[in-house]
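Single-structure report; data block below.
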Amino acid sequence: MKDTELKSIIKAGMRQDAGNPYFVRKVMNRLPAKRGSIGYAWVMWLACGMGAVILGLLWADYISSFAKAGLQPVYFFSLWSATLFLLLTLLRPLLSSR
């Protein structure tokens with residue numbers, strides 16, 4: 001069987017569109033969202049880069065003050081939360097594509 005024959009068999013067995021605009025809108029709303037524009041991408045990377053630098057400085061401050069003041073649980077968990085949030089934000093496109 002050739003491709004053209006198979007296409008004609010499939011096309012003959014397909015249901016025809018009723019022309020219902022509600023149906024078209026409903027289907028279009030269920031499609032995956034478009035990827036962000038390139039303009040958005042560089043803003044995202046810039047914000048994440050600045051966040052990484054700030055988190056690095058805060059971690060350095062925490063580690064240097066740890067010897068003097070001891071364990072500061074609120075500061076420690078806040079840093080871990082912010083670090084995990086930043087990592088998940090950066091890795092989200094890689095994880096969602098699979």
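Annotation: residue 84 fulfils all but one of (1) within 21 Å of residue 96 (Cβ to Cβ); (2) touching a residue at least 24 places away in the same chain (Cβ under 8 Å); (3) not basic (Lys, Arg); the unmet one is (2). Scan the range 28-58 for residues that are farther than 30 Å from residue 87 by Cβ and at pLDDT 75 or above and the total you get is 2.
The values are calculated or read from the model by the stated rules, or taken from the named source; none is laboratory data. Just so we're clear, the structure is a prediction, and the values are computed from it rather than from any experiment. Neighbour counts are summed over all protein chains in view; Cβ atoms, including those assigned to glycine, are modelled from backbone coordinates with ideal geometry.
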